[in-house]
Each structure stands twice: as structure tokens, then as C-alpha cells.
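Input: a single structure, listed below in C-alpha cells.
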Amino acid sequence: MLELLVPLFILFLILLTLTLIWRSKARKYISSSTVASAYDAWTQDKLLERMWGEHIHLGFYPSEVKKIDFRKAKVHFVHELVKWSGLDKLPKGSRVLDVGCGIGGSSRILAKYYGFNVTGITISPAQVKRARDLTPLGLNCKFQVMDALDLKFEDGAFDAVWSVEAGAHMNDKTKFADEILRTLRPGGYLALADWNSRDLSVDPPTFIEKLVLKQLLEQWVHPNFISINDFSDILRNNKNSAGSVITENWNSYTNPSWYDSIFEGIRRPLAILSLGPLAIVKSIREIPTILLMNWAFRKGLMEFGVYKCRG
Ligand SMILES: C[S@@+](CC[C@H](N)C(=O)[O-])C[C@H]1O[C@@H](n2cnc3c(N)ncnc32)[C@H](O)[C@@H]1O
């Protein structure tokens, strides 16, 4: 009996230590500067780009196609959101603002394939530098460091506003909506995708779900998640929106991304190994959060919301 208990106790201690290290390294949201530092670090160590490519968002997996490459699914996502939100109705040369642009993956597609004149903003200076490095000369696409909650653009400066997976980092969702809709011209197009919780006021979280949500917030600098309905109401009630907001939950299209984001490291091992041993530790350190995200999105605790409306 003792022979079995000792190794079990050692295993328990190892797991406890790893969990405590994981928790102590959490990236809690304190202000937008904590978001900036987290993305600066994720950009400078190159790990995220090596793992996920130039798009820091989930992929779109059409239901009729069984398996597509994770990176292709991300490009596919951009085209699907353009089509769904009606941005493809805009003429070439239209001014598009990409809010929370990462290293410019979407911005470059919007400029290259749709001929838009794109401005991308992010809170992370390292991302702006990398976005500029990745953008070929002559592409109508520029990048600036800016806080989405304090946009330095005139009212109605853009024909379309695009924002993918940035809203969950905003502590004030109403201010976020105020700013994106203020900079959208009357009649312009809003295309937005974000991570939401299910409506917790209607279906309160269980004890386990509360623990999971806490990790999802604290590991990746998220101040709070709100439901698709709540954010839709915020947009609808804004004085600069035309009033009608259409939303969908794209969990079924995007969920395969979670496992794929782990398998990418196995499929392209050199991408990580060539960054050295620390990169291997750092990539393993993200796996529990990715697995929790996968669980939460598959269970419906989290929802991948897409939103479209006109200015
Ligand atoms: C998950 S990444 C998505 C990046 C990009 N939209 C993409 O799809 O590749 C979230 C982005 O939101 C940006 N972000 C978060 N909070 C922000 C804020 N307050 N102002 C501007 N950008 C912000 C981050 O810097 C990062 O670029």
C-alpha cells in the first residue's frame, strides 16, 4: 500500500507545484498598460507568431469541410467576416479602421484583397513595429499605437470599423462601443468579433464554471466578459448606431481552433524549438489555458460573438 501511496503523493506535489507556478505567472488585467506589456512580450519572444502566424484570432472552419489548415482557417475567417458583415459592398479606397489590429494580419488582407485604405491601431508598441515590418511597401495599410478607449480620430472618419477579438480586453465595453461608433461615418459598416460569456444572469455559472472563468480572465489579461446580448444592447442603444444590430454565435465554426492551436506546435516543431528551451517552457505554459478555453467554448460557457451594424 505504502509503495503506491508514496509515488501518488509525489505526483500530487509535482502537480500542485506546477499549478502554483502557473497561477503565479497569471497575466491579470490591471489597466490597458498591462494588456500592452503582455502583447509586447508575446510579440518580442516571437512565440505567438511562430505558433499562430500573423493572425492572433481563431480560424473559421466551414461545417461542410472536415479539416483545413489552422492558418488557412484564419485567413478564411477574415473573408467570412467581410462577407457576413457586408464590408465587401464597400468600394475600393474605403477608409477602414482595424481596432486592436495585432500584428496586422486582418489589416493586410483588407488592404490587399478588398483594396481598402486601412489604419490599424493597437495598444502594443511592439505589435505596431512588427506590423510595419510585415507590411510590404506600397500596401495601403498603416499602423499606430493607440488606446481603443480613446481614439484620436475625428467623428465619422471611417467608412468601416473592424475589430476582432479585442473587446474582451476592454474594461469599459460602453466606452469601447462609443469610440468605435463615433469614428464610423453615418451609413458605414461595423464588423466585430469577440469572446463572450453566455448570459450569466439567465444561466448562472456553477462553482467549477466560476473557477474556469476566473482563469480565462486572469491568464490572458481580460478584465471581464459580457454576453452577446449585453454587447448587442450596448451597440443598439448607442446614439451613433443606426439601431439594428445583428449577431451570431460562431462557436461551431471556430471551436476546432483550440486543439489546432496546440497541434500547430507539434506539426511545426522547429518553429518553437529554434527559439530555444525557454520558448518550449513558455509554449507548454499556455496549454492549460488553451484547454480551458476549449472546454468553455465547447460547453457554451463562452461564446464567439460576431456583430454587424451600420453607423
Ligand atoms: C487577440 S488580439 C487580436 C489581434 C488582431 N485583431 C488579430 O485578429 O490578429 C487582441 C488585440 O487587441 C489589442 N488591444 C487590447 N486592448 C486594447 C486597447 N485598449 N486599445 C487598443 N488595442 C487593444 C491588443 O493589443 C491586440 O492587438
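Derivation of every value follows stated rules applied to the coordinates shown; laboratory data play no part. Everything numeric here is computed off the predicted structure, so don't read it as measured data. Note that we place each Cβ from the backbone using ideal geometry, even for glycine, and neighbour counts take in every protein chain shown.
Quick look at the numbers
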read-out	value
With eigenvalues of the C-alpha gyration tensor scaled by 5 and rooted, region 213-283, Å	37, 16, 11
Per-residue ³J(HN,Hα) for region 135-151, Karplus 6.51 cos²θ - 1.76 cosθ + 1.60, θ = phi - 60°, Hz, x for Gly and Pro	8, x, 4, x, 6, 7, 7, 10, 10, 9, 7, 7, 8, 4, 8, 8, 6
Estimated dipole of region 28-310 in Debye, rounded to 20 [Cβ of Lys and Arg +1, of Asp and Glu -1, Cα centre]	680 debye
Among beta bridges that DSSP assigns inside region 28-310, antiparallel share in %, nearest 5	40 percent
Cα-based radius of gyration of region 84-138 once divided by 2.2 N^0.38 Å, which approximates compact folds	1.12
In Hz, Karplus ³J(HN,Hα) per residue of region 261-276 (6.51, -1.76, 1.60; θ = phi - 60°; x = Gly, Pro)	5, 7, 5, 3, x, 7, 5, 10, x, 5, 4, 8, 4, 6, 8, x
Helix axis angle, 277-299 relative to the chain longest principal axis, alpha carbon, degrees	70 degrees
J(HN,Hα) series, region 247-259, from Karplus relation 6.51 cos²θ - 1.76 cosθ + 1.60, nearest Hz, glycine and proline x	10, 9, 9, 9, 3, 5, 7, 9, 3, x, 4, 5, 5
Efficiency of FRET from Cβ geometry, L8 and Q144, R₀ 35 Å, rounded to 0.05	0.05
Span from the region 137-204 Cα centroid across to the region 90-104 one, whole angstrom	11 Å
Total charge dipole magnitude, region 81-134, about the Cα centre, Cβ charges on Lys, Arg, Asp, Glu only, Debye to nearest 20	120 debye
Members of K239/K308; K89/K308; K175/K299 lying beyond 20 Å, as alpha-carbon distances in this model show	K175/K299
Over the chain: helical MRE at 222 nm, DSSP H runs n ≥ 4 each giving -39500 (n - 2.57), nearest 500	-15500 deg cm²/dmol
Most mobile listed residue (L149, L273, L292) in the chain, GNM with C-alpha springs under 10 Å	L273
Between 0 and 90°, nearest 10: helix 207-219 axis offset from the chain longest Cα axis	70 degrees
The chain, Rg to Rh (Cα coordinates; Rh as Kirkwood inverse mean 1/r)	0.99
C-alpha long axis of helix 173-182 to longest principal axis of the chain, angle in °	30 degrees
For C141, residues with placed amide H under 5 Å, excluding near neighbours	V118
Per-selection Rg to Rh, region 165-246 - Cα, Kirkwood hydrodynamic radius	1.02
